[in-house]
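**Student:** A single structure is presented below for examination.
Every number here is computed from the coordinates shown, using simple stated rules; none is lab data. Every value quoted in this text rests on a predicted model; they were computed, and no experiment measured them. Cβ placement follows ideal geometry from the backbone for every residue including glycine, while neighbour counts extend to all protein chains displayed.
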Amino acid sequence: MAINYEIIKEIGKISESKSGWFKKLNLISWNARDAKYDLRDWAPDDEKMGKGITLTKEELKNLRDLLNDMDL
């Protein structure tokens with residue numbers, strides 16, 4: 001079964017690997033479903049992707065709060 005996706009909005013790049021892939025946060029619709037926030041590695045042309053995680057807006061807010069509370 002093919003996985004279809006549409007990048008609704010590119011939020012930003014977090015890092016770039018030596019191979020040229022980017023770890024990015026995007027808002028993505030997977031298989032024509034409601035868009036979710038998505039964090040994963042992407043090839044420079046956005047045609048290939050690595051494993052990642054998807055988060056609802058509420059989950060993303062919770063993650064933000066956790067990160068803000070960390071002593072970095």
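**Student:** Please get the size of the charge dipole for the chain, origin at its Cα centre, with Cβ charges of +1 on Lys and Arg and -1 on Asp and Glu, quoted in debye to the nearest 20. Provide the component values of the computation, followed by the final result.
**Tutor:** Values: 13 positive and 14 negative charges, 21 e Å.
For this selection, approximately 100 debye.
**Student:** Still on this structure: Taking the chain, how much of its Cα-Cα pair set, in percent, is spaced more than 15 angstrom apart? All intermediate terms of the calculation are to be shown ahead of the outcome.
**Tutor:** Values: 1478 of 2556 pairs.
Counting pairs separated by more than 15 Å, the tail of P(r) holds 58 percent.
**Student:** Now, a different point. Over the chain, what is the relative contact order in percent, taking alpha-carbon pairs closer than 8 angstrom and at least six residues apart? Walk me through the intermediate numbers first.
**Tutor:** Details: 115 pairs, mean separation 15.8, N = 72.
Reported as a whole number, the value is 22 percent.
**Student:** How long is the gain from Ala2 to Arg64 if the chain were fully straight, where each residue apart is worth 0.36 nm and the alpha carbon distance is subtracted?
**Tutor:** On the way: separation 62, 0.36 × 62 = 22.32 nm, distance 3.19 nm.
Difference between extended and current length: 19.1 nm.
**Student:** On to the next question. Add -39500 (n - 2.57) for each DSSP H run of 4 or more in the chain, then divide by its residues: what number comes out at 222 nm, to the nearest 500 deg cm²/dmol?
**Tutor:** Values: 1 runs with 13 residues, N = 72.
That comes out to -5500 deg cm²/dmol.
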